[in-house]
1. If I go through region 201-212 residue by residue, how many of them are charged (D, E, K, R) and in contact with a helix residue (DSSP H, G or I) (Cβ under 8 Å, 6 or more places away or on another chain)?
2. Give the residue, chosen from T336, T317, that is of a type in the set (S, T, Y) and free of Cβ contacts under 8 Å to residues at least 12 places away in the same chain.
3. Considering every residue within region 291-306, establish whether at least one is under 14 Å from the mean Cα position of the chain (by Cα), more than 14 Å from G264 (Cα to Cα) and open to solvent by 10 Å² or more (accessible area, probe 1.4 Å).
4. For a quick check of your reading: which helices (runs of 4 or more DSSP H) sit entirely within region 110-203 and have at least 2 residues that are among the aliphatic types (A, V, I, L, M)?
5. Give region 1-26 a look and list any residue that's buried (at least 18 other Cβ atoms within 10 Å of the Cβ) and in contact with a Pro (Cβ under 6 Å, 6 or more places away or on another chain), or say none.
6. May I ask you to verify whether E52 is within 28 Å of Q325 (Cα to Cα), in contact (Cβ under 8 Å) with a residue 60 or more places away in the chain and among the acidic types (D, E)?
7. Can you name every residue in region 307-324 that is within 15 Å of the ligand (Cβ to nearest atom) and open to solvent by 70 Å² or more (accessible area, probe 1.4 Å)?
8. Take the residues of region 38-81 that are of a type in the set (S, T, Y) and in contact with a Pro (Cβ under 9 Å, 6 or more places away or on another chain): which is surrounded by the fewest Cβ atoms within 10 Å (Cβ to Cβ)?
Amino acid sequence: MWRGVIHQYRKFLPVTERTPVITLYEGNTPLIRAERLADTLGIRVELYLKVEGANPTGSFKDRGMTVAISKALEAGATAVICASTGNTSASTAAYAARAGCRAIVVVPQGAVALGKLSQAIMHGATLIQLQGNFDEALEIVRGVSERFPVALMNSVNPFRIEGQKTAAFEVCEQLGESPDLVCIPVGNAGNISAYWKGFREYREAGAISTLPRMIGWQAEGAAPLVLGRVVRHPETVASAIRIGNPASWKPALGAIEESQGAVGTVSDQEILSAYRRVAEREGVYCEPASAAAVAGLMKYCREGRVSAGARVVCVLTGHGLKDPQTALMSAPPLQTVEAKLEAVVRAMRLG
Ligand code: F0G
């Protein structure tokens, strides 16, 4: 039986016998071969989707949260705090509930997908909506955690990165080797750094012999890494990555440089189109921010920057059900018909 990432990867993680393990059995998510999606890329690639929406709270954050909460508890914490565009708050709230510890989550008002808000509320977190954006929220919760005995659960907490690197281990095990290319959405820039750390450690351990190129994707309106400067008012339909001043800026650039990777932008339109395409062609429903990775791969292929036969992994960071509003908003109008067979047949447009 799978017992979560701490149990599975203990020797790669900063835990001891004294660490209380708080887990929801996160990790062990599917790596799905995506041939029908690959067929639309205009070049033959071996494409896989790492479906992180299959984690217990529906995003990759759970991998880092199990380690961060366990270590916080070990250190005697009774309360935890985070700033979030939604998923971190959902995960913090759930793992804190499981640990019997208080969670305080600070989110930008009106900028968090409904499913994520509902998760923080259901798990009993103290939810504080900020009249400001994520970057301001993060600065504030950092200040709070310095002044009060509440442990910070954002990815500036190194234990989050430690847990999240286990996704790279899984990808290598599922493929039997390292991929050539990893496409991944970038917001606060922790996850790309975590994957890179994971790949490097797995190579040092002799589990793989090569390393992938890390290709990070930001939304056009929230692309500080690409622009090389802070974006004061980040904007994108992909609310999870609406971030203008990423905390892990330096390690992310390090990952990109060391892996001979790249960071690029995709437009909201490209994100929404990839979002639908993954759902329609593969039966995998991810959230808009996750689709940025696929939109990015599509762009990279169009630009002729991917070699034929490359083994590519797109990291689908969160579940589509977190944000049904964006799905409906970007879909054609719904049709309603009379309760008659003929009306349904007409609506089927069979000709
Ligand atoms: N994809 C999703 C679905 C996310 O929720 C996030 C970040 C990212 C990608 C980007 O990952 O920040 O490590 O570069 N969400 C954070 C949150 C910021 O508060 O839930 P990153």
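1. 1
2. Matching residue, one of T336, T317: T336.
3. Scanning region 291-306, I find no residue that is under 14 Å from the mean Cα position of the chain (by Cα), more than 14 Å from G264 (Cα to Cα) and open to solvent by 10 Å² or more (accessible area, probe 1.4 Å), so the answer is no.
4. Of the helices (runs of 4 or more DSSP H) lying wholly inside region 110-203, those with at least 2 residues that are among the aliphatic types (A, V, I, L, M) span 114-122, 134-147, 166-175.
5. E26
6. Details: within 28 Å of Q325 (Cα to Cα): yes; in contact (Cβ under 8 Å) with a residue 60 or more places away in the chain: yes; among the acidic types (D, E): yes.
Spelling it out, E52 is indeed within 28 Å of Q325 (Cα to Cα), in contact (Cβ under 8 Å) with a residue 60 or more places away in the chain and among the acidic types (D, E).
7. Within region 307-324, just L321 meets the criteria.
8. T78
The values are calculated or read from the model by the stated rules, or taken from the named source; none is laboratory data. Fair warning: this is a prediction, and the values are worked out from it, not measured in the lab. Note that each Cβ is placed from the backbone with ideal geometry, even for glycine, and that neighbours are counted across all protein chains shown. Accessible surface is based on the protein model in full, side chains and every heavy atom, while ligands, DNA and RNA are left aside. Shrake-Rupley method; radii C 1.70, N 1.55, O 1.52, S 1.80 Å.
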